[in-house]
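A.B. asks: Here's a structure for you.
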């Protein structure tokens, strides 16, 4: 038993330069695929070029770690202990970013271990899934913020019910002695459909009179992330 433990702890031998270069080049190629996938599936303010570059370097660094560890149990345990002091405190803007982080790590592990087939085939499937579903966004919501006098309260509620029926949800209602503020939530699709009417919603609201302000605030993935 003691001899077997000593065999596990003994170094398994250094890799030749050709094998190291092969693993690093493979990791670099797949890292470029990850970079392209992230660039395609993210758009607008949610895209971070720095984070995308970080994914590429993370893949290469993980590959280097796996090459160093190899089949050396003692070195792998020491590496785990050394890496355990690292704390990632960067806030993730999009939940999909966590997928890209794990993707980069797994590709680095596969390439570092010399399992190029798993890394390549897995990358094809993951990239296809992210490109197909990465552009899908939630139905953007719009907030209608209206402040008017108390005398217009019932008329304003009747107007919004007439325009949107039950498709506009009242989220907040703030009132003072002389004024009242409404915050309604409605989907952008319903609002765009309403804009086809002869009289726009803005004109209809201000036609009531005594309207202090009428704001339309868009809620989408870019802002919410």
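A.B. asks: Could you check the spin-label model distance between residue 193 and residue 54? Points 7 Å from the Cα along Cα→Cβ, value in nm.
C.D. replies: Computed distance between label sites residue 193 and residue 54 equals 4.1 nm.
A.B. asks: Translational D (Stokes-Einstein, µm²/s) of segment 149-195 at 10 °C and 1.306 mPa s when Rh comes from the Kirkwood sum over C-alpha pairs? Each step should come with its number before you reach the end.
C.D. replies: Working: Rh = 11.4 Å.
D = 139 µm²/s.
A.B. asks: Let me ask another. Kindly rank 157-170, 194-207 from highest to lowest mean number of other beta carbons found within 10 Å of each residue. Walk me through the numbers on the way to the answer.
C.D. replies: On the way: 157-170: 14.1, 194-207: 12.1.
Going from most to least packed, we get 157-170, 194-207.
Each reported figure results from applying straightforward, stated rules to the coordinates on display, with no laboratory input. This one's a predicted model, so the numbers in the text were calculated from it and none came from an experiment. Cβ sites come from the backbone with ideal geometry, for glycine too, and all protein chains shown count toward neighbours.
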